Amino acid sequence: MQTMVTIGIPVYEAATYVRAALESALAQDYDDLEILVVDDCGRDGSMAVVEDLQRHHPRGRAIRVLHNEANQGAGRSRNRIIDEARGDYLYFLDSDDWIEPATITLLMEAMRQHDAQVVYGSYEKVDTLYHHPTQQYVYPPTLLLQPGELAVYAFSHYGRFQVSVCNCLFRLGFLRATGLRFVDAMFWEDMAFTCGLVTQVSRAVLLPDVTYHYICRANSLSNYQDEAVASRDMILANASTVDRLKVHCYRQRGEGYAPLYCVYLEMVSFYVVCHVLKHRRLITPPISNRELRQMMRHPVRAADIMRFGSLRWYNLLLWCVSKLPATLCVAVVRLIARMKHAL
């Protein structure tokens, strides 16, 4: 007998895409599914599409709808899914993406075979915003079955490891036991959740199967990196999320993955600062050098860095840069950015 899986879908202003997302969930070859939709109070007719599929699709009864009283954002909607899912396993799907018919079956097979807490599938990015070529992000078949192994992998492969919570299957009892919640942030709530998650997982599997199709579109909150110029408020909102993670990193400073975690967060901060420097004349009100230096703040103290077993001098260099006078700190970041062709 199959065990129930909940596919959780927050829905807000996605009328053009939500039918394809829901139909891909309903087309799964795994039978025991609950499709839990959270209506986040959009006004574009998205929920009319959901209700039509509830009434007319052969598996429409699998769709259960929760209604937020007001717009809460993706993070709070996902927290509600964690709280109210009826399945033993949970899979998040964004309302503008879609999944392959065998997605849940493949992830569940790996989950059971390796007694995993989370299983990640590979994915494809389809750019409808700038029409860049479609890219596939394919993991090598990977078993990470010891505490800390997933964190080491995630923070050392940050260019290739997904920070989205979509396209991974969670053991729901484990997820609830961690107490992890999505932060109340406008942007990068996925990254904040993922960084907390990978430090707590002790049994994870990565699959090479491309099971998820991520649609990169205009007006999607996940596409900060594709904005020609991000606003001051957006930049500071992202920096605030990174600051939360730096507090979390400080608490984890004695773990074996801490040196990698520090470098990961400093690189995220570095590229946010690079974005500001690249578009500085267009950002109003302007972001000061002092604010940029604060973004580059290292997560831990110099004394903690000297106890690191790896990346000690690299982290110490990053720490020193963040302690320079604001104007000199920004000048050094600008120089490094030009050397890395980030400006």
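The values are calculated or read from the model by the stated rules, or taken from the named source; none is laboratory data. Since the model is a prediction, treat every value here as computed from it, not as a measurement. Please note that ligands, DNA and RNA were not included when accessible areas were found on the heavy atoms of the full protein model with its side chains. Shrake-Rupley method; radii C 1.70, N 1.55, O 1.52, S 1.80 Å.
Summary table below
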quantity	calculated
Computed over region 1-145, the ratio Rg/Rh where both radii use C-alpha atoms and Rh is Kirkwood	0.97
Equivalent ellipsoid, region 40-122 (semi-axes from 5 times Cα gyration tensor eigenvalues, Å)	26, 17, 12
At 1.306 mPa s and 10 °C, Stokes diffusion of region 290-343 via Kirkwood alpha-carbon radius, µm² per second	135
Mean Cα-pair separation over length for the chain, i.e. relative contact order, pairs under 8 Å, 6 or more apart, %	16
Hz values of 3J(HN,Hα) by residue in region 151-163 - Karplus curve (6.51, -1.76, 1.60), Gly and Pro given as x	4, 4, 4, 4, 7, 9, 10, 5, x, 10, 8, 6, 9
Exposure of ARG293 as accessible area (Å², to 10), given a probe of 1.4 Å and all protein chains	70
In Å², nearest 10: area of CYS41 left accessible to a 1.4 Å probe	40
Stokes-Einstein diffusion coefficient of the chain, Kirkwood radius over Cα pairs, 25 °C, 0.890 mPa s, in µm²/s	116
Alpha carbon convex hull of region 246-343, projected area averaged over orientations, nm²	6.2
Table column - 3J(HN,Hα) (Hz), region 50-60, Karplus curve with 6.51, -1.76, 1.60, x for Gly and Pro	4, 5, 4, 5, 4, 7, 10, 6, x, 9, x
Beta bridges by DSSP in the chain, antiparallel share as percent, to the nearest 5	35
Å² per residue, accessible surface of the chain at 1.4 Å	46
Estimated [θ] at 222 nm from DSSP helical runs (n ≥ 4, -39500 (n - 2.57)) normalised by residues in the chain, nearest 500	-13000 deg cm²/dmol
ILE215 accessible area, assembled protein chains, probe 1.4 Å, Å²	20
Solvent-accessible area, 1.4 Å probe, carbon plus sulfur percent, for the chain	53
